[in-house]
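Working notes, beginning with the structure itself.
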Amino acid sequence: MHRVATGLLVDAAVRESVPTESIALFRDFVVANLRHHHETEDAWLWPQILMAAPETAGPLKELSREHERLEAALDRLAAVEIDTPAGRSALREAALDVRDSVTVHLEHEEPVLFPALRDHVTSEEWDAFSRRVIESSPTVAAHLTIGLFEEVGTPEEVRSALANLPEGLHPLIPAMSSQAAADLRVLRGLAS
């Protein structure tokens, strides 16, 4: 999801047909969700993995350092004034930095994280972590999370990712999905 979202922000930043308000909301969504993602890993998931697999300390420490570099890139992205004459170009440059940071970081993270999750985190522990992450998730343009999950995941992966949503939100998923699809079309310049 983060690869697709950051790539879309790079492309949408200079797409003239995309309203500034749509770009600003999507930028805020990307910043808030990437921050939340790495903060929950550093604060909750890494300590859980370290308790079960102390040998992961070095790689997890390096991943946290990459999170710090990503945080600096997110700060630059969040600070761009989009509605200035050079705003869209500056946004694209800052979004490129975030996209490239995310791409490299995930290339480093996935070979460490996936085996650690498989070997050292039980289904029950993962569900508890997932619920905690969902409960603390940013609300800015939250519907886009569902739309992006649907784009990148299989139906089973989407069901699994959304399984720990609070029960009261489950009836809203179709409407959130529909709104996300419409908003993503706008960002891609496909809205009629």
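Let's see how each residue does on (1) under 21 Å from P59 (Cα atoms); (2) without any contact (Cβ under 8 Å) to a residue 60 or more places away in the chain; (3) part of a helix (DSSP H, G or I):
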| position | (1), (2), (3) |
| --- | --- |
| P85 | no, yes, no |
| S89 | no, no, yes |
| R92 | no, no, yes |
| D97 | no, yes, yes |
| D100 | yes, yes, yes |
| T103 | yes, no, yes |
| L106 | yes, no, yes |
| V112 | yes, yes, yes |
| A116 | yes, no, yes |
Residues within region 134-152 that are hydroxyl-bearing (S, T, Y), in a loop (DSSP other than H, G, I, E, B) and buried (at least 16 other Cβ atoms within 10 Å of the Cβ), tallied: 1
From (1) touching a helix residue (DSSP H, G or I) at 6+ places or on another chain (Cβ under 8 Å); (2) surrounded by fewer than 19 Cβ atoms within 10 Å (Cβ to Cβ), pick out the condition that doesn't hold for L45. (2)
Can you tell me how many residues within region 156-172 are closer than 20 Å to A5 by Cβ and either more than 18 Å from the chain's Cα centre (by Cα) or part of a loop (DSSP other than H, G, I, E, B) (or both)? 1
Looking at V80, is it under 18 Å from the mean Cα position of the chain (by Cα) and modelled with pLDDT of 95 or more? no
In a helix (DSSP H, G or I) and of a type in the set (D, E), is that true of E81? no
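The values are calculated or read from the model by the stated rules, or taken from the named source; none is laboratory data. All values derive from a computational prediction rather than experimental measurement. Quick reminder, even Gly has a Cβ in these numbers, built from the backbone with ideal geometry, and neighbours come from all protein chains shown.
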